[in-house]
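Okay, so here's the structure we're looking at.
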Amino acid sequence: MERERQAQLRHMQEEQQRQREEAERRERERQAQLERERRAQQQRLQEERRRIEEAERRERERQAQLQAEIRRKEEAARAELQRRQEEIAREKAEQERMRAEMQRKAEEEQAELQRRHEEELKVQKEEQERKQAELKREEEEQKAIEELMRLKLEEGEQLILENARLITKGICPNLLPTEEEWEKARARLVGGKEKFHCAIAGTSGAGKSSLVNALRGISNRHANAAKVGVVETTTEITAYPDPSTTSARSQWVWYDVPGAGTLSIPGPQYFNSQGLFVFDLVIVVVDNRFTAQDIAILHQCKQFKIPSFIVRSKANQYISNIMHQELGYPMDETEEYTTEDTLTRDSRTETLEKSKQILITNTQENFKKNLEEAELDSSQRVYIVCAQSIRAVVTMEPGAQLKKADYLIDDMQLMEDLDKAVEKRS
């Protein structure tokens, strides 16, 4: 009995234990269910918040897009308004330009009409002045012809006396040119009275053609150079207009005259046959001494009242001869004197200056004596030059070649005096 009772008691205890465990299990399950429901509720709340936040974000974006669209439309409206204002301003400016252009054209047309009217008046006035000047010129020409006839009669008488005096001195007398010689001489002149015509005359071989080339600033090998040579190469008088573009030198026309005293051009007929009496200036080129022909040319220049220059050419040859032959300086024509010692350079410079002074002294003494004996102006300057130095002066080469500077004596003075001769005539 007791065992049954204990068994029942254990059974009851076990049942109670099982019930407690079942109740605990159910409570745990209920708690777990509650926890799941709570978590689900939290998840639903979080999801709802996300939806609300997403809705709010989308609303903000929509509002921002609306604001941006409003701003874009406002900016577009402002830009359109500004474009229209600028278009109106451009149209207004174009209208103003067109009005100004029309006004300018009207003023130009008015000015053109005024200019044409003034030109017509000017032409009429000039025509009247031209006719008056023509009448005056004709009167002056008539007077000049009468004066020329009078002077020719006087010159004829003077020429007879002068020729008689020259014959007694053994000098060829001056002969008046014939009418044919006058016409032939005038026909040779290039450029008319606007140019300054200079004849380069003298005996054969004096260096006339080289001087013509140098005065034009070109070498004897230039394509347009006057022909040069040991024998007389100029057979007829040839005009060479100066190539310079400067106002003074562009007036020059240089004439290479054949050499006097040859078989083809006898001395007595030289001055008239070459028409030297029509030139503005005659340069008499002499070599180492005066000849009877040089003196005759100077006498005839004086007779015809033509300015004359006396030029002794080939100074470089004479200076070199004096240095090497008279003063004994070693001959070395190729040396440039750029690397030699100071003593050699100074010695050469000193010898060169001595040679120049000897040439100048001899020229002045001999030519002065020749001029006095010929009853010409003994104070007339004799220019001592050489073609290379003249060309260097004309082309303004600043001593680039040493030998050109070495032989420079009267070259610059000759060019200055030639320019003064042009100024004096004008």
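The values are calculated or read from the model by the stated rules, or taken from the named source; none is laboratory data. Bear in mind that the values here come from a model prediction, so they are computed numbers and not experimental data. For neighbour counting, all protein chains shown are included, and Cβ atoms are generated from backbone atoms with ideal geometry for every residue, glycine included. For accessibility, only protein heavy atoms count, side chains too; no ligands or nucleic acids. Shrake-Rupley method; radii C 1.70, N 1.55, O 1.52, S 1.80 Å.
Karplus-derived 3J(HN,Hα) values for the range 273-281, using 6.51 cos²θ - 1.76 cosθ + 1.60 with θ = phi - 60°, are 5, 8, x, 5, 6, 9, 7, 6, 7 Hz; glycine and proline are entered as x. Annotation: per residue accessible area for the range 1-69 equals 96 Å², rounded to a whole number [probe 1.4 Å, protein chains only]. Per residue, the Cα convex hull of the range 1-127 amounts to 79 Å³. The stretch between R186 and E80 holds 29.7 nm of extra length on full extension. This uses 0.36 nm per residue minus the Cα-Cα distance. One decimal place: the segment E109-E350 gains 79.2 nm when fully extended, by the rule 0.36 nm per residue minus the C-alpha distance. Taking a Cβ cut-off of under 14 Å around H11, the surrounding Lys, Arg, Asp and Glu residues balance to a net charge of +1, with basic ones at +1 and acidic ones at -1. Within the accessible surface of the range 1-48, defined with a 1.4 Å probe on protein heavy atoms only, the carbon and sulfur portion equals 47 percent.
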